[in-house]
Amino acid sequence: MGAGQVRTVLGDVDPKDLGRTMMHEHLLIGFGRWRREATGTHSSERMPQEHSDRRSNEPISLESRHWVAYYGRHPAEYRLDDEANAITEAQRFADAGGGTIVDVTNPDLTRQPQALARISRATGLHVVMGCGRYVGSNHPLDMDERNVDDLAREMIKDVTEGSDGTDIRSGIIGEIGTEYPVTENEARSLEAAALAQRETGAAVSIHPGRETRAPLAVMEILDRAGGDANRTIMGHVDRTLFATKDFLALAETGCYLEFDLFGQESSYYAHAPIDMPNDARRIDHIKELIAAGYGNRIVVSQDICQKTNLTKYGGHGYAHILENVVPMMLRKAMSETDIENVLVHNPARILTLAEKS
Ligand SMILES: [Zn+2]
């Protein structure tokens, strides 16, 4: 059922109809939904003294915008809850020639199936919805008691029957959140994702920990649980891997590499002492992978999840890749065929539901 099709919030569609696709976005999102003691790196509650001042208590303004975007420490920054504005922002992507948005917001990140369906209808964009569990600090309070089968059944139901009491179905498993080292609960959530992948034929999308070893550690757990690397997308590689050899080692597993932080060029990155690449450097890594023969394993996105990512707040918005990155790809001598693979054909292939295995 559904094999060979792509499952969107408005029903199954032909993979050829997707068009240019962003593989990792959030149209609406809220962290800390289950009110667990917030320790996650995305948590706006955890506001270190040195980055918190009067601007935290004022609405985001032109004057405070850079500070908010740089440190992410405004209490409203990591909350996208304005559906009307989500439509306006998504429409910019459609107007720039976009076709599909993969919204990997799972229940732990305050997924809203009906709102996604309304956004899809209003914009004419295909929207593929996620499922599964995010990183440990965002898990539901009863996560310790959930076994692998429980967790897998929940994902399978979301993909095959409907999500959150609706008949709106998920078309991708993820983003499945992990830290490094992977916690016990996160390992169970990964094993469940592998089971659900085999049962539904849907791809799995991973949020790895902020550590170079994290992606391979996740791939090992998925492999042991019977997961299919060829149906797995490793997200956030652009803030996790930096050396060519590490990109190639991950590509050798067979998974898709997702450069999904296009537009984020800040030197400060939520307490992780990393050198965040800029968009030009991301393209360099993509070109290296293409030269090494992995052109059919690269996808891109902008992971919009902060207010200051939105154009309304002076950010780059969902159309950034189409409007600004594609011209840079051409300038940096990526071929039109390679760009088409990254934007259209690779997403269509990985989003197409496989036969049950
Ligand atoms: Zn994300």
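I'd like the full set of residues that are in a loop (DSSP other than H, G, I, E, B) and of a type outside the set (A, V, I, L, M, F, W, C), limited to the range 133-157. I'd like the intermediate steps shown before the answer.
Pass one, the range 133-157, residues in a loop (DSSP other than H, G, I, E, B): 133-135, 139-142, 146-147.
Answer for the range 133-157, where residues must be in a loop (DSSP other than H, G, I, E, B) and of a type outside the set (A, V, I, L, M, F, W, C): ARG133, TYR134, HIS139, PRO140, ASP142, ARG146, ASN147.
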**Request:** Residues being part of a loop (DSSP other than H, G, I, E, B), buried (at least 24 other Cβ atoms within 10 Å of the Cβ) and within 16 Å of the ligand (Cβ to nearest atom): count how many of those fall in the range 172-204.
**Result:** 3
**Message:** Given the condition part of a helix (DSSP H, G or I), over 23 Å from GLY315 (Cβ atoms), touching a helix residue (DSSP H, G or I) at 6+ places or on another chain (Cβ under 7 Å) and among the aliphatic types (A, V, I, L, M), answer yes or no: does some residue in the range 111-121 qualify?
**Reply:** no
**Asked** Do you know which residues across the range 223-276 are within 16 Å of the ligand (Cβ to nearest atom), on the phi < 0 side of the Ramachandran plot, hydrophobic (A, V, I, L, M, F, W, C) and surrounded by 15 or more Cβ atoms within 10 Å (Cβ to Cβ)?
**Response** ILE233, MET234, VAL237, LEU257, PHE259, LEU261, PHE262, MET276
**Message:** Could you go through the range 205-221 and let me know if any residue there is crowded, with 19+ Cβ neighbours inside 10 Å, part of a loop (DSSP other than H, G, I, E, B) and more than 16 Å from the ligand (Cβ to nearest atom).
**Reply:** no
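For the range 260-293, give me the residue count where each residue is out of contact with any Leu (no Cβ under 7 Å at 6 or more places or on another chain) and not in a helix (DSSP H, G or I).
Start the filter on the range 260-293 by keeping residues that are out of contact with any Leu (no Cβ under 7 Å at 6 or more places or on another chain), which leaves 260-288, 290-291, 293.
Among the residues that remain, those that are also not in a helix (DSSP H, G or I) are: 260-278, 293.
Selection size over the range 260-293: 20.
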**Prompt:** Out of (1) of a type outside the set (A, V, I, L, M); (2) modelled with pLDDT of 95 or more; (3) part of a helix (DSSP H, G or I), the odd one out for THR105 is which?
**Reply:** (3)
**Item:** Members of the range 320-354 found to be outside any helix (DSSP H, G or I) and in contact with a Ser or Thr (Cβ under 8 Å, 6 or more places away or on another chain), listed by number
**Value:** LEU353
**Request:** For the range 116-124, indicate whether the set of residues that are buried (at least 19 other Cβ atoms within 10 Å of the Cβ), under 14 Å from the mean Cα position of the chain (by Cα) and within 16 Å of the ligand (Cβ to nearest atom) is non-empty.
**Result:** no
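With the condition kept exactly as written, say whether any residue in the range 302-309 is part of a loop (DSSP other than H, G, I, E, B), of a type in the set (D, E, K, R) and crowded, with 17+ Cβ neighbours inside 10 Å. Even if it seems obvious, please write down each step before you answer.
Taking the range 302-309 and keeping what is part of a loop (DSSP other than H, G, I, E, B), we get 302-306.
Next cut, of a type in the set (D, E, K, R) only: 303.
Remaining after also requiring crowded, with 17+ Cβ neighbours inside 10 Å: 303.
Scanning the range 302-309, I find at least one residue that is part of a loop (DSSP other than H, G, I, E, B), of a type in the set (D, E, K, R) and crowded, with 17+ Cβ neighbours inside 10 Å, so the answer is yes.
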**Request:** Test each condition in (1) crowded, with 19+ Cβ neighbours inside 10 Å; (2) free of Cβ contacts under 8 Å to residues at least 60 places away in the same chain; (3) on the phi > 0 side of the Ramachandran plot for ALA333 and report the one that comes out false.
**Result:** (1)
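Quick check on my filter: what residues within the range 296-343 are within 16 Å of the ligand (Cβ to nearest atom) and among the aliphatic types (A, V, I, L, M)? Before the answer, list the steps.
Filtering the range 296-343 down to residues within 16 Å of the ligand (Cβ to nearest atom) leaves 299-310, 315-318, 320-321.
Selection gives VAL299, VAL300, ILE304, LEU310, ILE321.
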**Asked** Is one or more of the residues making up the range 46-58 at pLDDT 90 or above, closer than 19 Å to GLY317 by Cα and either within 16 Å of the ligand (Cβ to nearest atom) or not in a loop (DSSP other than H, G, I, E, B) (or both)?
**Response** no
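Where residues in the range 22-43 are within 15 Å of the ligand (Cβ to nearest atom), in a loop (DSSP other than H, G, I, E, B) and not hydrophobic (A, V, I, L, M, F, W, C), which of them is modelled with the highest pLDDT?
Per the stated criteria, the residue is HIS26.
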**Message:** Of the residues GLU336, GLU323, only one is closer than 24 Å to HIS26 by Cβ, charged (D, E, K, R) and more than 15 Å from the chain's Cα centre (by Cα); which?
**Reply:** GLU323
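The values are calculated or read from the model by the stated rules, or taken from the named source; none is laboratory data. Since we're looking at a predicted model, the values are computed, not measured. Virtual Cβ from ideal backbone geometry, glycine too; neighbours counted across all protein chains shown.
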